[in-house]
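Undergrad: Please see the structure below; I have some questions.
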Amino acid sequence: QAQLAALADEWSVAKSNGLGGDDLARVAQAAAAGRVATLLIESDRQIAGRLDDATGRVELADLSHPQVDDLLDDLGELVGKMGGRVLVIPAEHMPGRTGLAAIYRY
């Protein structure tokens, strides 16, 4: 729990310095550019849609469509592929309210 609290504090400081965020579209663009060092994802949360790995473009959609997946899962895979760290944490320890929080490299 102390480590999760420290991560939340690190994200808050990064966000206040313009090096962190929790806006899905902006985090996705940063992930596609390889700028996300750490991505926190809220466990048991899903956001339905499609993610373009090359551009970071996000398109929200209905999970009932066969070509739609969970954006948070796709985003986590992209960040991992680009060398970032991905942590899935309980809702009570998540900073912000969007289901994700990113700390940028630059």
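Undergrad: Under a 1.4 Å probe, what is the accessible area of the chain per residue, stated in Å²?
TA: Details: 5850 Å² over 106 residues.
Accessible area per residue: 55 Å².
Undergrad: May I pose another question? Would you kindly calculate the translational diffusion coefficient of the chain, applying Stokes-Einstein with the Kirkwood radius from alpha carbon pairs, for 4 °C and a viscosity of 1.567 mPa s, and quote it in µm² s⁻¹ without decimals? Mind dumping the intermediate values first?
TA: On the way: Rh = 13.6 Å.
Taking Rh from Cα pairs, D becomes 96 µm²/s.
Undergrad: Right, here's the next one. Give me the percent of accessible area attributable to carbon and sulfur for the chain, probe 1.4 angstrom.
TA: Working: 2810 of 5850 Å².
Of the solvent-accessible surface of the chain, carbon and sulfur hold 48 percent.
Undergrad: Just to be sure I understand: with springs between alpha-carbon atoms less than 10 Å apart, which residue in Gln46, Gln29, Gln67 has the highest mean-square fluctuation in the Gaussian network model of the chain?
TA: Of Gln46, Gln29, Gln67, the Gaussian network model singles out Gln67 as fluctuating most.
Undergrad: So how do His93, His65 rank on accessible area, 1.4 Å probe, biggest first, that is with the largest at the start? Walk me through the numbers on the way to the answer.
TA: Working: His93 50, His65 80 Å².
If we order His93, His65 from most to least accessible, we get His65, His93.
Undergrad: Additional query: Could you sort 3-9, 49-55 so that the peptide with the highest average Cβ count within 10 Å comes first and the rest follow in order? Could you put the intermediate results ahead of the total?
TA: Details: 3-9: 13.6, 49-55: 15.1.
So the order, starting with the most tightly packed, is 49-55, 3-9.
Undergrad: What's log10 of I(q)/I(0) for region 2-50 at q = 0.17, 0.32 Å⁻¹, Debye sum over Cα points only, no solvent?
TA: -0.58, -1.28
Undergrad: Rounded to the nearest 5, what is the percent of antiparallel bridges among the DSSP beta bridges in the chain? Please report the intermediate quantities before stating the final value.
TA: Numbers: 12 of 17 bridges.
Of all bridge pairs located within the chain, approximately 70 percent are antiparallel.
Undergrad: Please give the charge dipole size of the chain, origin at the Cα centre, charges +1 on K and R Cβ atoms and -1 on D and E Cβ atoms. Round to the nearest 20 debye. Walk me through the numbers on the way to the answer.
TA: Numbers: 10 positive and 16 negative charges, 93 e Å.
Here the chain has a charge dipole of around 440 debye.
The values are calculated or read from the model by the stated rules, or taken from the named source; none is laboratory data. As the structure is a prediction and not an experimental result, all values here were calculated from the model. Here Cβ is always computed from backbone atoms with ideal geometry, including for glycine, and neighbour counts include all displayed protein chains. Protein only, heavy atoms only, side chains kept; ligands, DNA and RNA dropped before computing areas. Shrake-Rupley method; radii C 1.70, N 1.55, O 1.52, S 1.80 Å.
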